[in-house]
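Below is one structure, written out as structure tokens; the observations come after it.
The values are calculated or read from the model by the stated rules, or taken from the named source; none is laboratory data. Values in this document were obtained by computation on a predicted structure and should not be read as measured data. Cβ atoms come from the backbone with ideal geometry, glycine included; neighbour counts cover every protein chain shown. To get the accessible areas, we keep the full protein, side chains included, count just its heavy atoms, and leave off ligands, DNA and RNA. Shrake-Rupley method; radii C 1.70, N 1.55, O 1.52, S 1.80 Å.
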Amino acid sequence: MPPRTRHAVGADGTGPTARDAMHAPGPQVDDHMAVDEAFSVLIGARVPYLLLRDEDGRCAGLVTRAQLAAHRGGSWYSDLTRLRDLSLDRGPFTSSVAVLSEAETAMRNRTLDVSPVVDEHGYALGVLALTV
């Protein structure tokens, strides 16, 4: 992911929003996909995470390579396990109109390195990644 740059304060004085700083969403998969299949998509796309969609196409979460690898290595592993069965962060997700500084603070408080950015209807528009 390219480093995020700071944006100038907007005309309304609130500063940049999450939408101003987000990255493209990358691959999105249905949350009923099997873990093995999702791992293959993630590896094939050469990305560190996948966005999950529910049956209506709305954002249902985000799963990382580390989360999938940890699940596959556990004694509870089954090739029938679906992404929706994993214990993942299910939100709340970052609103596209959230003030960037507040969105970053919320992510730090929840110990998230990356968060889906969603529109007012819950559809993923991109991702917000914290920089170190």
(request) Sort out which residues of region 113-132 are in contact with a helix residue (DSSP H, G or I) (Cβ under 8 Å, 6 or more places away or on another chain) and open to solvent by 90 Å² or more (accessible area, probe 1.4 Å), and write them in order of number. (result) Asp113
(request) Those residues that are in a loop (DSSP other than H, G, I, E, B), buried (at least 16 other Cβ atoms within 10 Å of the Cβ) and not aliphatic (A, V, I, L, M), I need them from region 92-112; list them, please. (result) Phe93, Ser96
(message) Can you tell me which residue is modelled with the lowest pLDDT among those in region 2-49 that are hydroxyl-bearing (Ser, Thr, Tyr) and in contact with a Ser or Thr (Cβ under 8 Å, 6 or more places away or on another chain)?
(response) Tyr49
(request) Could you please tell me which pairs satisfy a Cβ distance under 6 Å, a separation of 6+ or placement on different chains, a first residue in region 89-109 that is free of Cβ contacts under 8 Å to residues at least 24 places away in the same chain, and a second residue that is surrounded by 18 or more Cβ atoms within 10 Å (Cβ to Cβ)? (result) Met107/Ser115
(request) Give me a count of the residues in region 19-52 that are open to solvent by 50 Å² or more (accessible area, probe 1.4 Å), assigned to a strand (DSSP E or B) and under 14 Å from Leu86 (Cα atoms). (result) 1
(request) Starting from residues that are more than 12 Å from the chain's Cα centre (by Cα) and touching a residue at least 60 places away in the same chain (Cβ under 8 Å), keep the ones in region 110-132 and report whichever is nearest to Met22 (Cα to Cα). (result) Thr131
